[in-house]
Amino acid sequence: MRTNLLLPILLLAATGLTACDHGGNDHHGNIANYISIHTDHIAVHAPGRADADINAAGDLSIADKSVTVTTAEHDLLKHYYATALTLRDHGIATGAAGAAVAGQALRSVASGLASGNPDRIGAEVNASAARVEAKVALICDDLAEIQSTQQTLASQLEAFRPYALIKADEADKCRRGLKDHQRD
């Protein structure tokens with residue numbers, strides 16, 4: 001039985017993904033400690049540098065100065081922005097699914113014990129856990145996509161190179177963590 005209900009939380013923590021609303025300060029999430037999601041843009045962080053801001057239209061500014069980009073780079077920036085939002089949304093959905101698994105586990109335990117049928121507890125919890133694992137797999141895919149787009153941007157747009165900090169192995173680590181959990 002997959003009783004480790006902390007998998008979604010551990011994987012999200014391992015990837016550095018948080019999806020939260022910090023009230024009125026316009027900050028709505030953080031991806032791998034490198035990307036902050038705001039109401040109208042994302043901010044990509046690099047140590048010792050001003051943030052690189054990207055909006056939904058694919059406009060890039062660094063230190064509040066617009067960076068001239070080609071049409072292809074513009075399209076990549078739009079994709080990067082959209083992937084960051086997708087990753088955040090998948091993180092939120094995974095967190096909600098993880099909470100649902102915890103609730104289902106409590107209901108299954110109570111129901112199984114009350115009915116004198118504790119054997120069904122594992123099956124019910126496993127079914128719920130499988131749905132969470134599917135959502136975690138989406139996060140792993142999103143990490144791979146944003147990392148790939150980041151690398152393409154860095155190869156084409158010199159101003160973006162210092163911001164290409166998401167490592168290639170982060171998605172692999174996410175997938176390994178998921179596979180390790182599925183073997184338990």
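The values are calculated or read from the model by the stated rules, or taken from the named source; none is laboratory data. Predicted, not measured: the structure shown is a model, and the values here were computed from it. Please note: Cβ atoms are built from the backbone with ideal geometry, for glycine as well, and neighbour counts cover all protein chains shown.
Please work out which residue is surrounded by the fewest Cβ atoms within 10 Å (Cβ to Cβ), limiting yourself to the stretch 128-158 and to residues that are β-branched (Val, Ile, Thr) and within 16 Å of the chain's Cα centre (by Cα). Checking each candidate, the answer is Thr149.
When the stretch 38-92 is filtered for residues that are surrounded by fewer than 14 Cβ atoms within 10 Å (Cβ to Cβ) and among the acidic types (Asp, Glu), the ones remaining, listed by number, are Asp40, Asp64, Asp75. The strands (runs of 3 or more DSSP E) located wholly in the stretch 1-103 that include 3 or more residues which are at pLDDT below 95 and not β-branched (Val, Ile, Thr) occupy 27-31. Looking only at residues in the stretch 140-155 that are free of Cβ contacts under 8 Å to residues at least 24 places away in the same chain and not hydrophobic (A, V, I, L, M, F, W, C), the one that is nearest to Glu170 (Cα to Cα) is Ser148.
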